[in-house]
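Visitor: Have a look at the structure that comes next, please.
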Amino acid sequence: MSWKDKLRPASYKGARFHIEGHDSDVAGREVQVHEYPGRDVPYPEDMRRKTKNFSFAAYVIGDDYMTVRDQLISACDSEGAGTLVHPYLGSIIAICTGCKLSERADEGRMARLQLTFVEGGTNQFPTSSKDQSFALTQAVEAAHASNRESFANDFSVAGKPAFLAYESVDVISEATNEIDGAVSDQGDGTFARALSKIGNEALTFVQNPSGLANQLGDLVVQAGEAAGAGPDTMQALRPIAQFGTQLASVPLTTATRKVQALNQNAVVSLVTNSAVIEMARNVIDTQFVTTNDAFATRDEIGGYLDTAMDRASEAEDDQLFETLRVLRTATTDYINAQSPRTAQLINTVAPVTEPALVTAYRLYQDAGRADEIATRNGVAHPGFVPGGEMIEVLSNV
């Protein structure tokens, strides 16, 4: 095949033309030359690759040359870059920057065009991405503040019959027992001292709703911190988030009983909301192994937050509702952003009963993942992964 056979028919955006030759600026670097007094040799700062330019002495010819000419002119005049088929250089994304037309009476059935093109690109700008961790942390802090403010506004025993204070102390005692039971390792004693302080001074705290909100709210936070991070924190906070279901409802027979019910609901909301808010904070420190784990956590926290939002809506507490809504969105966004980095759960079948080492190497080319397979599937002995049975493994990410 000769060099002429390798030439491609010239066109731009589908409009055909012929060329007599071309002059193209196809290589080189764009530099900024820095010259300094007393220095003979300049410093050429390399800025980027030089923009490629293409120039053709083109023509169209034939009985229908006017139609072909007009198609080419329209293509050059149309907005945006298009495909330039360069006979010598191949297909290039380019935009026409000049089209000079020449027609002569002694050259019938023919039009000459001087075409110039510049390579085309996209108008790219630096992109930004939201700091999901920071947004979630801010939402957590705002939700805690709103939750405690809501409690301080709703809870009151001042100027009320004395039994209301004692009834509230009983509810607080139930709450602290629930929180205490959720923490297996109380660490250096900070949590135990905070727990003891509330128990010993509960009758005093109920006279100061703001102080009580901070004491109880901080106690829930400390319970989550004492559990560690990840699934352990979720497990510790889960019963606290469900607190109140065991409490007897208060009969709304008198105005005083209605206040008692309001106080009890305020304590329940403060404690459960604090636990759910800390669940949301905990996802920042959670290393999700699989997408399924991430989405299960997202849905569980979302369910708790939906319940909390329903309570706030029924109480017509717009500020608390809004901060919980923002927290729900931030939690969902954070977990969704993490999920592409996690593995998928997949099901597979071992062709024959084989050691977990063989299964791991067959699936991952990594025998070190044998224990992972055996543990995930509850294999009685790692030397015998049952053949012909479905097992659950992680995608290799």
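Every read-out reported here was derived from the displayed coordinates using simple, explicitly stated rules and does not represent laboratory data. None of these values were measured; they are calculated from a predicted model. Cβ atoms come from the backbone with ideal geometry, glycine included; neighbour counts cover every protein chain shown.
Visitor: Only sites in a loop by DSSP and with at most 16 other Cβ atoms within 10 Å count here; which GluC sites (Glu not before Pro) in the stretch 1-72 make the cut?
Guide: On the way: sites: GLU20, GLU30, GLU35, GLU45; in loops: GLU35.
Here the GluC sites (Glu not before Pro) that fit, given the DSSP loop and packing criteria, are GLU35.
Visitor: While we're looking at this one, here's another question. Give the distance, in whole Å, between the Cα centre of the stretch 219-247 and the Cα centre of the stretch 290-329.
Guide: Answer, in whole Å: 16.
Visitor: Also, quick follow-up: Please list, ordered by chain and number, the residues whose modelled amide H lies under 5 Å from the amide H of GLU354; skip anything fewer than 5 residues away on the same chain.
Guide: VAL385, GLY387
Visitor: A further question follows. If you work out semi-axes √(5λ) of the Cα gyration tensor in Å from the coordinates, which of [x] 32, 23, 19; [y] 35, 25, 19; [z] 72, 33, 22 do you get?
Guide: Entry [z].
Visitor: Could you tell me how many degrees, from 0 to 90 and to the nearest 10, lie between the Cα long axis of helix 65-77 and the main elongation axis, the longest principal axis, of the Cα atoms of the chain?
Guide: Once rounded, one gets 40 degrees.
Visitor: To continue, here is another question. Run the reach check for LYS160 against lysines, Cα to Cα strictly under 18 Å, same-chain hits fewer than 8 apart removed. What comes back?
Guide: LYS258
Visitor: Sum up the charges of everything whose Cβ sits under 13 Å from the Cβ of ALA142, counting Lys and Arg as +1 and Asp and Glu as -1, but leave ALA142 out. Don't jump to the answer; show the numbers that get you there.
Guide: On the way: positive: ARG148, ARG281, ARG325, ARG328; negative: GLU141, GLU149, GLU322.
Charge balance near ALA142 sits at +1.
Visitor: Using θ = phi - 60° and the Karplus curve 6.51 cos²θ - 1.76 cosθ + 1.60, what whole-Hz ³J(HN,Hα) does each residue of the stretch 320-332 get, with Gly and Pro shown as x?
Guide: Karplus-based 3J(HN,Hα) across the stretch 320-332 equals 5, 4, 5, 5, 5, 5, 4, 5, 4, 5, 5, 5, 4 Hz.
Visitor: Ignoring everything except DSSP H segments at least 4 long, calculate the 222 nm mean residue ellipticity for the chain; use -39,500 (n - 2.57) per segment, divide by total residues, nearest 500. Let's see the in-between values first.
Guide: Numbers: 11 runs with 192 residues, N = 397.
Mean residue ellipticity, 222 nm, calculated: -16500 deg cm²/dmol.
Visitor: Which order, highest average first, do 265-272, 21-28, 327-334, 294-301 follow once you tally other Cβ atoms within 10 Å for each residue and take the mean per peptide?
Guide: Numbers: 265-272: 23.2, 21-28: 11.9, 327-334: 21.5, 294-301: 17.9.
Most protected by this proxy first, the peptides run 265-272, 327-334, 294-301, 21-28.
Visitor: Follow-up. Determine the relative contact order of the stretch 345-394: mean sequence separation of Cα pairs under 8 Å and six or more apart, normalised by residue count, in whole percent. Please report the intermediate quantities before stating the final value.
Guide: Working: 85 pairs, mean separation 26.8, N = 50.
Once normalised by length, the contact order is 54 percent.
Visitor: Using θ = phi - 60° and the Karplus form 6.51 cos²θ - 1.76 cosθ + 1.60, what ³J(HN,Hα) does each residue of the stretch 39-47 get, whole Hz, x for Gly and Pro?
Guide: Using θ = phi - 60°, the values come out as 10, 6, 9, x, 10, x, 7, 6, 8 Hz.
Visitor: OK, next. What's the ranking of 61-74, 277-290 by average number of surrounding C-beta atoms within 10 Å, highest first? Walk me through the numbers on the way to the answer.
Guide: On the way: 61-74: 14.9, 277-290: 20.9.
Ranked by mean Cβ neighbours within 10 Å, highest first: 277-290, 61-74.
Visitor: Could I ask something else about it? Which angle between 0 and 90 degrees, to the nearest 10, do you get for helix 190-205 versus the longest principal axis of the chain when only C-alpha atoms count?
Guide: Taking the Cα atoms of the chain, the angle to 190-205 is about 60 degrees.
Visitor: Over the chain, calculate the relative contact order: mean separation of alpha carbon pairs under 8 Å at least 6 apart, over the residue count, as a percent. Present the calculation step by step, with values, prior to reporting the outcome.
Guide: Working: 593 pairs, mean separation 47.1, N = 397.
It rounds to 12 percent for the chain.
Visitor: Could I ask something else about it? Once you sort the root eigenvalues of the Cα gyration tensor of the stretch 345-394 as a ≥ b ≥ c, which label holds: rounded (a/c under 1.5), prolate (a/b larger than b/c) or oblate (the other case)? Write out the running numbers ahead of the final one.
Guide: Details: a/c = 1.19, a/b = 1.10, b/c = 1.09.
Rounded, since a/c falls under 1.5.
Visitor: How would you rank ILE198, ILE240, going from fewest to most other Cβ atoms within 10 Å of each one's own Cβ? The partial results should precede the final answer.
Guide: Numbers: ILE198 20, ILE240 24.
In order of increasing Cβ crowding within 10 Å: ILE198, ILE240.
Visitor: How do 105-111, 82-88 rank on mean C-beta neighbours within 10 Å, highest first? Working shown, then result.
Guide: Details: 105-111: 11.4, 82-88: 18.4.
The densest-packed peptide leads the list: 82-88, 105-111.
Visitor: Something else now. Given axes a ≥ b ≥ c from the Cα gyration tensor, I'd like to know whether the stretch 132-341 is rounded (a/c under 1.5), prolate (a/b larger than b/c) or oblate. Walk me through the intermediate numbers first.
Guide: Numbers: a/c = 2.22, a/b = 1.56, b/c = 1.42.
Because a/c hits 1.5 or more and a/b exceeds b/c, the stretch 132-341 counts as prolate.
Visitor: To continue, here is another question. Only Lys, Arg, Asp and Glu count, each charged at its Cβ (+1, +1, -1, -1), so figure out the dipole size of the chain about its Cα centre, rounded to 20 debye. Please report the intermediate quantities before stating the final value.
Guide: Numbers: 33 positive and 52 negative charges, 242 e Å.
In debye, rounded to 20, the chain gives about 1160.
Visitor: Relative contact order for the stretch 183-335: what is it in percent, counting Cα pairs under 8 Å that are at least 6 residues apart? Don't skip to the end; give the middle numbers.
Guide: Working: 123 pairs, mean separation 31.6, N = 153.
The value is 21 percent.
Visitor: Then there's this: Report the calculated FRET efficiency for GLN365 and VAL26 (r = Cβ-Cβ distance, R0 = 51 Å), to the nearest 0.05.
Guide: Details: r = 45 Å, r/R0 = 0.88.
After rounding to 0.05, the efficiency reads 0.70.
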